[in-house]
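Here's the structure we're looking at; comments come further down.
The values are calculated or read from the model by the stated rules, or taken from the named source; none is laboratory data. None of these values were measured; they are calculated from a predicted model. Here the Cβ is made from the backbone with ideal geometry for all residues, glycine too, and neighbour counts use every protein chain on show. Keep in mind that these areas ignore ligands, DNA and RNA; they rest on the heavy atoms of the full protein, side chains included. Shrake-Rupley method; radii C 1.70, N 1.55, O 1.52, S 1.80 Å.
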Amino acid sequence: MADIRNIVILTGAGVSAESGIDTFRSEGGLWEQHKVEDVATPGGFARNPDLVLRFYDMRREAIQTKQPNAAHDALARLDKGWSGELLLVTQNVDDLHERAGASRVLHMHGTHLNAWCTSCDTRTPWTGTLIERPPCPACDTRALRPDVVWFGEMPYRMEEIYGALRQADLFVSIGTSGAVYPAAGFVRDAGKLGIPTLELNLEPSQGSSWFAESRHGPATQIVPEWVEEVLA
């Protein structure tokens, strides 16, 4: 680690799973008994907005009852203790990284705790429900939807992410399936730039073979161990 100053970390559902937040992908293509295309695509929202709004209202409420786990806590310690550049890119739409104390966090897939007005393009912190079609606080239009990137939509702040990758001395992927692009391609982008890569995951991901090093086990075990090595 002596030659490493700039770190980019990608986190996925595996980081929050031990906090009781369901991973997105499950057997049969179902998510909490719903087909992904019905609740996580623009087409699904157009077909049945009540279903989608109710689904995300329930998840928004549930996330507020969860707590950061040891993996979140360890990454927050790294964020506070690392004197070089660090960007914590998360695919997760919960706020557990922030509640653990991390500040250098980028939500590439949005967050449950925002509402996005499709009329005026304003994003507003939101902890309540959307099923009643409340008006946008900025423009008073009833055009709010979850501020979550659905399949078929472009993730947020991609130029910033790629810019950080180009400057990185280390890329680390934690708790990801290696199946959702463009995030799943970050390891290959880093490899082409000659950047060392490390995977921390419960089991080998779909992209494990692209990493220079992989460590497998529960996030609450292997992430704190790695952070202690980095900060030692």
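Of all residues in the range 143-165 being exposed (fewer than 12 other Cβ atoms within 10 Å of the Cβ) and not in a helix (DSSP H, G or I), which is modelled with the highest pLDDT?
MET154
Would you pick out the residues in the range 145-162 that are of a type in the set (Phe, Trp, Tyr), without any contact (Cβ under 8 Å) to a residue 60 or more places away in the chain and farther than 19 Å from ASP95 by Cβ?
Answer for the range 145-162, where residues must be of a type in the set (Phe, Trp, Tyr), without any contact (Cβ under 8 Å) to a residue 60 or more places away in the chain and farther than 19 Å from ASP95 by Cβ: just TYR162.
Residue under question is PHE186, and the condition is that it be part of a strand (DSSP E or B), touching a helix residue (DSSP H, G or I) at 6+ places or on another chain (Cβ under 7 Å), under 23 Å from ARG104 (Cα atoms) and open to solvent by less than 20 Å² (accessible area, probe 1.4 Å); does it hold?
Taking the combined requirement at face value, the residue does not satisfy it.
If I filter the range 13-65 down to residues being at pLDDT below 85 and assigned to a loop (DSSP other than H, G, I, E, B), which single residue comes out as most open to solvent (accessible area, probe 1.4 Å)?
By that ranking, first place goes to GLN33.
Please give the number of the condition THR127 fails out of (1) part of a helix (DSSP H, G or I); (2) within 19 Å of the chain's Cα centre (by Cα).
Failed condition: (1).
Of everything in the range 66-83, what is at pLDDT 95 or above and of a type outside the set (A, V, I, L, M, F, W, C)? Give them in sequence order.
Residues of the range 66-83 at pLDDT 95 or above: 66-82.
Within the range 66-83, LYS66, GLN67, PRO68, ASN69, HIS72, ASP73, ARG77, ASP79, LYS80, GLY81 qualify.
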